[in-house]
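Engineer: Here it is, the structure in full.
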Amino acid sequence: MRYQSVLTQAPLRISFIGGGTDINYFYKSTSGKVVSAAINKYVYVHIKNHDPLFQERYRISYSEVEHTQSRSEIKNLIVKSCLELLNMDEPLQISTSADLPTSSGLGSSSSFTVALLLALHQMEGKSVSPAQLAEEAAHVEIDMLKSPIGKQDQYAAAFGGLNYYEFLSDDNVKIQPLLIPKSQTVSLLSNSLLLWTGEIRSATRVLQDQEKNYSLNKTNLIHLTKLVDEFKSILLDKDGELKDIGSIITSGWEIKESLSNLISTSQIQEIISELKVQKCLGYKLLGAGGGGFVYALFDDSSEKFMNKFPTRRSFIPKLDNLGARVVSSN
């Protein structure tokens with residue numbers, strides 16, 4: 001059954017440890033590993049059939065509004081590529097919105113791609129698994145658009161939850177849900193705080209510089225995968241302590257910071273200095289680098305620490321367990 005109108009949403013994510021090892025030039029020789037959590041901040045996509053009374057064939061609304069007569073004229077490359085991948089050419093109105101700014105280090109472009117693909121499949125009345133969604137989104141971003149990104153964001157958006165991912169040399173991805181007690185999950189996230197740097201960055205530029213330095217970075221990236229396994233072990237240990245988790249997050253950040261001189265900025269270092277004063281257990285910049293959100297883990301509820309950063313916009317995340325889903329369809 002075809003639908004006239006579909007609304008979907010896909011979560012953003014916190015990557016705790018392992019970012020950079022999910023890129024194919026690394027995992028083709030050494031398995032990449034990541035632990036991440038989908039959170040209750042979302043990208044939304046609404047698609048409806050575009051009435052022939054309108055003058056244009058496509059109307060696409062995001063930070064800009066496009067009116068085009070053909071698929072080939074679409075400027076938004078993710079929209080254009082998703083339509084090409086699924087060979088859809090009927091008149092459509094596509095609009096998107098999000099709970100947080102784009103380019104903020106939370107995987108928003110991949111969440112958008114996943115939500116868009118899910119909506120397009122739903123428009124045609126086709127069911128699609130999270131694994132298919134994740135792989136299609138990765139194909140669009142990495143293969144079709146040649147973005148120098150990894151595969152973790154598409155999987156976090158499609159599957160949701162708190163997961164351990166292993167990226168294998170044959171391009172397959174192993175997913176292990178980290179089924180820790182709910183109280184432990186709540187404690188991990190309620191003691192977490194995301195602080196906005198106020199800086200928007202180009203992930204492409206940072207990641208290209210990181211790839212250029214790969215021969216120098218490979219040993220550090222291998223070390224990072226070992227930290228991922230340590231992080232997972234502590235999470236799964238009922239006696240695991242937040243201070244040990246925080247220590248690994250900080251160690252991962254120190255490795256990440258060494259991968260490119262474009263990753264850190266004076267604004268990021270200023271926030272980290274403030275966090276050290278508050279004796280936070282662990283910290284890191286989320287995303288490729290250059291801006292976005294700084295993640296911090298405390299030894300108590302983050303609500304008690306928010307007023308310590310009165311000039312910083314911040315929020316406390318909660319876990320999303322559902323991943324990408326259809327909100328409504330008519």
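The values are calculated or read from the model by the stated rules, or taken from the named source; none is laboratory data. This one's a predicted model, so the numbers in the text were calculated from it and none came from an experiment. All Cβ positions, glycine included, derive from the backbone under ideal geometry; neighbour counts span all protein chains shown.
Engineer: Give the residue, chosen from Gln176, Gln132, Gln152, Gln122, that is outside the structural domain of Leu286 (by TED's automatic domain parsing) and closer than 22 Å to Phe293 by Cα.
Structural biologist: Gln152
Engineer: Quick one: what pairs do we get from region 163-190, first residue small (Gly, Ala, Ser), second not in a loop (DSSP other than H, G, I, E, B), C-beta under 9 Å, 6+ apart or different chains?
Structural biologist: Qualifying pairs under 9 Å: Ser169/Tyr27; Ser187/Leu242; Ser190/Glu303.
Engineer: Considering only residues that are over 18 Å from the mean Cα position of the chain (by Cα) and β-branched (Val, Ile, Thr), look in region 25-60 and name the one that is surrounded by the fewest Cβ atoms within 10 Å (Cβ to Cβ).
Structural biologist: Thr30
Engineer: Moving on. Which of the following residues is modelled with pLDDT of 95 or more, of a type in the set (S, T, N, Q) and within 28 Å of Gly291 (Cα to Cα): Ser95, Ser63?
Structural biologist: From the options Ser95, Ser63, the qualifying one is Ser95.
Engineer: Here's a follow-up. Of the conditions (1) hydroxyl-bearing (Ser, Thr, Tyr); (2) over 26 Å from the mean Cα position of the chain (by Cα); (3) part of a loop (DSSP other than H, G, I, E, B), Ser63 satisfies every one except a single condition; which number is it?
Structural biologist: Exception for Ser63: condition (2).
Engineer: Run down Asn76, Asn87, Asn49, Asn24 and say which single residue is over 30 Å from Ser190 (Cα atoms) and touching a Gly at 6+ places or on another chain (Cβ under 9 Å).
Structural biologist: Exactly one of Asn76, Asn87, Asn49, Asn24 is over 30 Å from Ser190 (Cα atoms) and touching a Gly at 6+ places or on another chain (Cβ under 9 Å), namely Asn24.
Engineer: Which residues, taken from region 298-315, are under 22 Å from Ser103 (Cα atoms) and not polar (S, T, N, Q)?
Structural biologist: Within region 298-315, Arg312, Arg313, Phe315 meet the criteria.
Engineer: Output the residues belonging to region 140-149 that are part of a helix (DSSP H, G or I), touching a helix residue (DSSP H, G or I) at 6+ places or on another chain (Cβ under 9 Å) and over 17 Å from Asn76 (Cβ atoms).
Structural biologist: Correct list: Ile142 only.
Engineer: Out of everything in region 221-249 that is among the polar types (S, T, N, Q) and out of contact with any Ser or Thr (no Cβ under 6 Å at 6 or more places or on another chain), what residue ends up being farthest from Phe26 (Cα to Cα)?
Structural biologist: Selected residue: Ser247.
Engineer: Let me ask you something else. Scan (1) modelled with pLDDT of 95 or more; (2) more than 26 Å from Ser247 (Cβ to Cβ); (3) not assigned by TED's automatic domain parsing to the domain that holds Thr96 for the single condition Arg201 breaks and write down its number.
Structural biologist: For Arg201, the failing item is (1).
Engineer: Need a quick list: strands (runs of 3 or more DSSP E) entirely within region 265-330 having at least 3 residues that are within 30 Å of Leu133 (Cα to Cα).
Structural biologist: 293-297, 325-329
Engineer: Cβ-Cβ below 8 Å, separation at least six or inter-chain, first residue in region 61-72 and free of Cβ contacts under 8 Å to residues at least 24 places away in the same chain, second among the β-branched types (Val, Ile, Thr): which pairs?
Structural biologist: Cβ pairs passing all conditions: Glu66/Ile60; Glu66/Ile74; Thr68/Ile60; Thr68/Ile74.
Engineer: A further question follows. Could you figure out which of (1) assigned to a helix (DSSP H, G or I); (2) touching a residue at least 60 places away in the same chain (Cβ under 8 Å); (3) out of contact with any Asp or Glu (no Cβ under 8 Å at 6 or more places or on another chain) isn't true of Tyr25?
Structural biologist: It fails just one condition, (3).
Engineer: Still on this model: Could you tell me which of the residues Ser97, Ser104, Ser108 is in contact (Cβ under 8 Å) with a residue 24 or more places away in the chain, out of contact with any helix residue (DSSP H, G or I) (no Cβ under 8 Å at 6 or more places or on another chain), crowded, with 24+ Cβ neighbours inside 10 Å and not assigned by TED's automatic domain parsing to the domain that holds Arg205?
Structural biologist: Ser108
Engineer: For region 242-253, check the following and say yes or no: at least one residue is of a type in the set (A, V, I, L, M, F, W, C), in a helix (DSSP H, G or I) and surrounded by fewer than 14 Cβ atoms within 10 Å (Cβ to Cβ).
Structural biologist: No, that holds for no residue.
Engineer: Going through region 1-20 one residue at a time, which ones are crowded, with 24+ Cβ neighbours inside 10 Å and either assigned to a loop (DSSP other than H, G, I, E, B) or free of Cβ contacts under 8 Å to residues at least 40 places away in the same chain (or both)?
Structural biologist: Result: Gly18, Gly19, Gly20.
Engineer: Can you tell me how many residues within region 316-330 are under 14 Å from His121 (Cβ atoms) and modelled with pLDDT of 95 or more?
Structural biologist: So the answer is 3.
Engineer: Restricting to region 7-39, what's the tally of residues that are basic (Lys, Arg) and closer than 20 Å to Ser108 by Cα?
Structural biologist: 1
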